[in-house]
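What follows draws every value from the coordinates through simple rules; no lab data is involved. This one's a predicted model, so the numbers in the text were calculated from it and none came from an experiment. Here Cβ is always computed from backbone atoms with ideal geometry, including for glycine, and neighbour counts include all displayed protein chains.
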Amino acid sequence: MRGCYAELLLVLGLLCTHGATMGFGLNLGGLGWGRCIEEERQALVGFKQGVQDDFHVLSSWDSKEEEDCCKWKGIKCSNRTGHVVGLDLRQNIFFGAFEFLSGEISSSILGLQHLTYLDLSCNDFSTLPGFIGSLTNLQYLNLSFNAISGTIPWQLGNLSRLISLDLSWNYNYGVIEDPNLDWLFHLSSLRHLDMSHVNLSKAINWPDKVNMLPSLLYLRLSDCELSMPFSLVPSNANSSSPLSFLELSHNHLNSSVLPWLYRYNNSLVHLDLTNNKLQGSIPKGFGNMVALSHLLLSSNNLNGVIPQTLNNLHSLQVLDLSNNSISGEVPDLSKLSFLTELYLSNNRLNGSLAKSIGKFYKLQILDLSSNSFEGVITEAHLSNFFTLHQLDLSSNSLSLTFSPAWVPPFHLDTIRLSSCKLGPFFPEWLRTQKNFSRLDMSDVGIIDTIPNWFWGLSSNIMILNLSHNQITGNVPLQWFSTRFIGYPQIDLSYNRLTGSLPRFNSDPVVLNLANNLFQGSITSICETNG
């Protein structure tokens, strides 16, 4: 159902994780299934009559078959009072489910005055009615992934008990705007706020509005057309706010946002400024955010060198500086002992990696691609990477020199080494990597016969690129029928492979066999089982 399926796969894990760990403490009044109250049953019937239910989502709401509304789908009642306290009609986005409600939210819902939990996400509702603000017991409100457009009603400010509010991902189908955010002032209990893809380009002094939320822990304002207001008065003082998760990615923020961020030096755990307009050197001030576990600064206009002050971030687990213009050598960051993901790709970094890699013993993802690194990488540099599963050293001037008998301590899912020097022999260590899904060894100087063991490695290949080498040998005909999943991309071009053209029993997105020595009819490639 529209973007809810693609984007929510990424967002839901984050949302559910933080919803659990932050402890919203929603009071559902003794959650259970008591006998429902007649007036509230009638309110639910009215709600059903007011929406369009083409997929029979509310088929259980049939008074003839089941009069007790506490047993209806999505309804939760208090064991003590029998009042409806929860209405959860979030639709399942997994397993290809396409069931959803549409139309407008009926005012009949106002008959549920004891409601504390309302989730109508992943449906197709078109408006956000102001009367929602009359459900003053609400603690959790989620209207994400709908088709809502218009201005956020100021009446939401009446929800003084609200702990979590999610209005995100209505962007692609409706356009939600908010020119002032003044209604936020009254939400003193709010801990979780997600307004990603809400147009806040006209919001006045939005950072000051955020600062007025004394309980806020989690804030996502991704792709909101945000810029920094000229009237903002910077402050170097730490804020009393406990804000720990802040995502401001895909906006128009420049480096003037930094003094505001420094208010949260002692509380921020997750900071995402991906795809903004930050300029100049990476500020040394980031080294004062000592609680950070995730620092994401990719796709900005940052230059200069990586500051040594990042070594102060002893809890850092993910560092992403990719897609900038950062130069110089990678400093000694060995104090980042908890680092699991390091992204430095598409910069201007140079020098030898021997001084910097090999010290991050907990790394799971290492991406240093598209830089100007040089020198020799040996097994000694990678001998401590027991948990590594993604390695990308491509598009550098690196030479990978490993002993033929070397057995790596890791088992990689992604291997990208294009344009590095691996040859002339086919890398023997690769035979230990039996579960990879992505392998790119294009233009690595291999002048060798592809060994038979290679064809028996992974059976979960999505991307395979061995192009622009001088690899010889035959490709087993049955290999193309058993080794791939999904819609794979396969590039074996510009080699010296021989034998018959293989048959392919799936539909590859890319199949490039050009400039080899294959023989046979091209029609054999196109034969499928379908």
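When the pairs LYS202/LYS277; LYS48/LYS209; LYS76/LYS209; LYS335/LYS434; LYS48/LYS71 are compared against a 25 Å limit on Cα-Cα distance, LYS48/LYS209; LYS76/LYS209; LYS335/LYS434 fall above it. A DSSP coil position with no more than 14 other Cβ atoms inside 10 Å describes the following chymotrypsin sites (Phe, Trp or Tyr not before Pro) in the range 417-449: PHE425. How high is the relative contact order of the range 306-426, in percent, with contacts defined as C-alpha pairs under 8 Å that are six or more residues apart? Normalised by residue count, the contact order of the range 306-426 is 19 percent. Take the alpha carbon gyration tensor of the range 411-530, find the square roots of its eigenvalues, order them as a ≥ b ≥ c, and report rounded if a/c is under 1.5; if not, report prolate when a/b exceeds b/c, else oblate. Judged from the Cα gyration tensor, the range 411-530 comes out oblate (a/c at least 1.5, b/c at or above a/b). Here the range 411-530 is treated with +1 on each Lys and Arg Cβ and -1 on each Asp and Glu Cβ, and its dipole about the Cα centre works out to around 160 debye.
Restriction of the trypsin sites (Lys or Arg not before Pro) in the range 183-217 to DSSP coil positions whose beta-carbon has at most 13 other beta-carbons within 10 angstrom yields LYS202. Working from Cα pairs under 8 Å separated by at least six residues, relative contact order for the range 411-530 is 19 percent. Would you please classify the overall shape of the range 131-231 from the alpha carbon gyration tensor, given that a ≥ b ≥ c denote the square roots of the eigenvalues, rounded means a/c under 1.5, and beyond that prolate means a/b larger than b/c while oblate covers the rest? Taking the square roots of the gyration eigenvalues as a ≥ b ≥ c, the range 131-231 is oblate. What shape does the range 371-466 have by the C-alpha gyration tensor, where a ≥ b ≥ c are the square roots of the eigenvalues, rounded means a/c under 1.5, and otherwise prolate means a/b greater than b/c and oblate the rest? Cα axes put the range 371-466 in the rounded bin.
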